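No lab work stands behind these numbers, since they all come straight from the coordinates. The shown structure was predicted, so the numbers you read here are calculated from the model rather than taken from an experiment. Cβ sites come from the backbone with ideal geometry, for glycine too, and all protein chains shown count toward neighbours.
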Amino acid sequence: MSRFNSKAILAGVSVVALTATLAACGEDSGSSSDGGAVRMAFVNGFSGGGPVDDFVAGLTCYADKNDLDDPVITVADGDVNKQLNDIDSLVARSGQIDGLFVMPVDPAALKPAYDRAKDADMAVIDPVSPDAEGKFATDASSHVAPDDAGVPALMVSYLSENHADVKRVALLSPPPGQPMSDQRASLFKEEAATAGIEVARELNMEKITTEEAQKKVEDLLTSDKSIDAIFAQNGAMARGAALAAKSQGVDLVIISIDSDAETLAAVKSGDIDAAFGADLFNLAYQASVQAEKVKAGEKVDFLSLPYETYTSANAAVAGAAERCAAVK
């Protein structure tokens, strides 16, 4: 039986609970670290949520197809020092873990940790896109990322075509310093300005959670009733914005990054107008494939995955088991 049916890896699983696998990984899983399939760890810089479930499911699918143990998972909850310690703990297991898939809290601060992992013959893969000059903010072995440079134009086009009355948008973002979200925010502002849409405020969230976003958007709507749309850089913040709009009795157009089950359910119900998501399940699976190639000494190129637009008409994705059966 597939582990997608026998273990709690499906959407909605608590990532905090999954960190228990770290303590259970003291013994070798039986796979070889000198070629073939690789044993991966997910070094998550933030808290849980739907996208994390997709990452975990993709990594687990790769492990399942290669008869390996479930991936080890660590959660830094936005604390760069904890993430540095997490990476060092995993490097100490370099004989049992072959690759790290890292969602970085602070790319610059993680450079020494990345170097230590690579010096220990571990492949380091992260979902960081290049900037306009083709440079990466991290020195990972390779990168697999959504098309963050292309999605802002897609989102602004959606607003212009479907909500021509939207003129003032508030942007919900993680803390500054995140290459992916910083790039999306900058490009969204440029595209919005060209379309005659003002990005009136940008609210940065330390934890990027639903609860934090709800409170900050409630405070915003109390002081500025002219905001007519929200662009949230993850589904959890978008759901918080929807709760804030309801509590304040304000009709907002809410668009969001992410296409996890929770976010798509909110799109289906009408709480979120549209979501824009890359296939994070496949992204994590391909990160494992890239780590395998790095370990084998092969040349690996940057892989970019496209975003799709989800509205109430198509707000659904296949389950983890079905996606794992289809992935190559």
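For this structure, a couple of remarks:
- Cα centroid separation, the range 125-145 to the range 147-219 (Å): 22 Å
- Among T74, T309, T60, the ranking by other beta carbons within 10 Å of each residue's beta carbon, starting with the fewest, stands as T309, T74, T60.
- Difference of contour (0.36 nm per residue) and Cα-Cα distance, E322 to D115: 70.9 nm
- Scalar couplings 3J(HN,Hα) for the range 57-65, obtained by applying the Karplus form with A = 6.51, B = -1.76, C = 1.60 to θ = phi - 60°, are 5, x, 5, 5, 4, 4, 4, 4, 5 Hz; x denotes Gly and Pro.
- The value of relative contact order for the chain, using C-alpha pairs under 8 Å at least six residues apart, is 19 percent.
- Straight-line cross-link reach from K295 at under 17 Å between alpha-carbon atoms covers these aspartates and glutamates, not counting any fewer than eight positions away in the same chain: D34, D98, D115, D119, D121, D126, D139.
- Cβ-to-Cβ counts within 10 Å put L280, L220 in ascending order as L220, L280, the fewest first.
- Under a model in which nothing but the beta-carbon of Lys, Arg (+1) and Asp, Glu (-1) is charged, the chain shows a dipole of about 240 debye around its Cα centre.
- Three-way shape label, the range 198-282, alpha-carbon gyration tensor, a/c 1.5: prolate
- Segments 286-295, 207-216, 239-248 sorted - mean Cβ within 10 Å per residue, highest first: 286-295, 239-248, 207-216
- Cβ crowding within 10 Å, taken as a proxy for footprinting-reagent exposure, orders M122, M103, M155 from fewest neighbours to most as M103, M155, M122.
- Look at the dipole of the range 151-277 built from charges on Cβ: of F276, T210, T222, the Cα furthest out on the positive end belongs to T222.
- Placing a label point 7 Å from the Cα of K167 along the Cα-to-Cβ direction, the residues of the range 174-218 with a backbone N closer than 18 Å are 192-201.
- Span from the the range 82-112 Cα centroid across to the the range 272-298 one, whole angstrom: 18 Å
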